[in-house]
Amino acid sequence: MTEVAKAYGKTLYELAVECESVEQMLDEITTLRQAFEENPQFLTLMSTPNLTKEERVGIIDETFGGKLHIYLLNFLKVLVENGASHEFMDAAKQFRREYNWENGIETVTVVSAVALGAAQESELTDKLSKLTGKTIHLEKKVDPSVMGGIRLQMDGLQMDGTVKNKLDAIRSRLLRTLA
């Protein structure tokens, strides 16, 4: 994440706090992130030199005008005007980090071979909450290559209890023994 994205995300969060619209903007940013992940060509379009800044800002107005908090709409326009629309995704992540820090929330990415059931998610969330003393926000990813078990990533730490990791460790020990 660039320092520019961090600054944009932090500034937007501070503005949301000031105007008491944090929850609304968080919901809208989350929705935008998902939409841009599904349609990355939109952010690419907002960076194309074939369009003038005014045309790009017009597209933002047409697409999102009246649908987003005015400060978030203006934020998107500022990114486009400054040629920094590519920073949106990381700025949105920084906004979430600021929110999480202020509210005692820990984001944990859980990777599993198959989607976790509701009971498994609840049990994992409860255990991690007791362990960290924070409210847990799970980001779930499915990766069949892990074969089984789960891998957790949180706050720069990774705990890997996947079958793939265990098999890799056994393979590594066997290779060292044979060498």
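The values are calculated or read from the model by the stated rules, or taken from the named source; none is laboratory data. Please read these numbers as outputs of a predicted model, since none were measured by experiment. Every residue, glycine as well, gets a Cβ built from its backbone with ideal geometry; the counts of neighbours run over all protein chains shown. Surface accessibility is based on the protein's heavy atoms, side chains included, excluding ligands, DNA and RNA. Shrake-Rupley method; radii C 1.70, N 1.55, O 1.52, S 1.80 Å.
Find out how many positive minus negative residues lie around Met46, taking Lys and Arg as positive, Asp and Glu as negative, among other residues whose Cβ is under 14 Å from that of Met46. Could the numbers behind the result be given before it?
Working: positive: Lys53, Arg56, Lys77; negative: Glu54, Glu55, Asp61, Glu62, Glu81, Glu87.
Computed value for this residue: -3.
For the stretch 145-179, trypsin sites (Lys or Arg not before Pro) meeting the loop criterion (DSSP other than H, G, I, E, B) and having at most 16 other Cβ atoms within 10 Å: none.
Ignoring any ligand, DNA or RNA, what whole percent of the accessible area of the chain comes from carbon and sulfur when the probe is 1.4 angstrom?
Within the chain, the accessible surface is 54 percent carbon and sulfur.
May I ask which residue of Pro40, Val163, Thr109 lies farthest towards the positive end of the charge dipole of the chain, with charges of +1 (Lys, Arg) and -1 (Asp, Glu) on Cβ and the Cα centre as origin? Looking along the dipole axis, the top candidate is Val163. Non-local lysine pairs in the chain, meaning eight or more places apart or on different chains, with alpha-carbon distances under 20 Å, amount to 16. Quick one: net charge around Lys10, please, counting Lys, Arg +1 and Asp, Glu -1 for every other residue with C-beta under 15 Å from its C-beta. Charge balance in the 15 Å sphere: -3.
About its Cα centre, what dipole magnitude does the stretch 114-179 give when the only charges are +1 on Lys and Arg Cβ and -1 on Asp and Glu Cβ, stated in debye to the nearest 20?
Working: 11 positive and 8 negative charges, 68 e Å.
Here the stretch 114-179 has a charge dipole of around 320 debye.
If Lys and Arg each add +1 and Asp and Glu each add -1, what is the summed charge of the other residues whose beta carbon sits under 12 Å from the beta carbon of Glu98?
Working: positive: Lys6, Lys10, Lys93, Arg96, Arg97; negative: Glu14, Glu102.
Counting the neighbours of Glu98, the net charge comes to +3.
Checking every one of the trypsin sites (Lys or Arg not before Pro) in the stretch 60-144 against DSSP loop status and a limit of 13 other Cβ atoms within 10 Å picks out Lys67.
Would you calculate, for the chain, the mean residue ellipticity at 222 nm contributed by helices, counting each DSSP H stretch of 4 or more residues as -39,500 (n - 2.57) and dividing by all residues, to the nearest 500?
Numbers: 8 runs with 109 residues, N = 179.
Computed ellipticity for the chain at 222 nm equals -19500 deg cm²/dmol.
Each Lys and Arg Cβ is given +1 and each Asp and Glu Cβ -1; about its Cα centre, the chain then shows a dipole of about 1140 debye.
Please report the antiparallel percentage of DSSP beta bridges with both residues in the chain, rounded to the nearest 5. Present the calculation step by step, with values, prior to reporting the outcome.
Working: 9 of 17 bridges.
That works out to approximately 55 percent antiparallel.
If you roll a 1.4 Å probe over the heavy atoms of the protein chains, what accessible area per residue do you get for the chain, in Å²?
Details: 10910 Å² over 179 residues.
About 61 Å² of surface per residue is accessible.
Modelled spin-label separation between Asp61 and Val114, with each label point placed 7 Å from Cα along the Cα-to-Cβ direction: 5.3 nm. Label separation (Ala179 vs Leu131): 3.1 nm, computed from points 7 Å beyond Cα along the C-beta direction.
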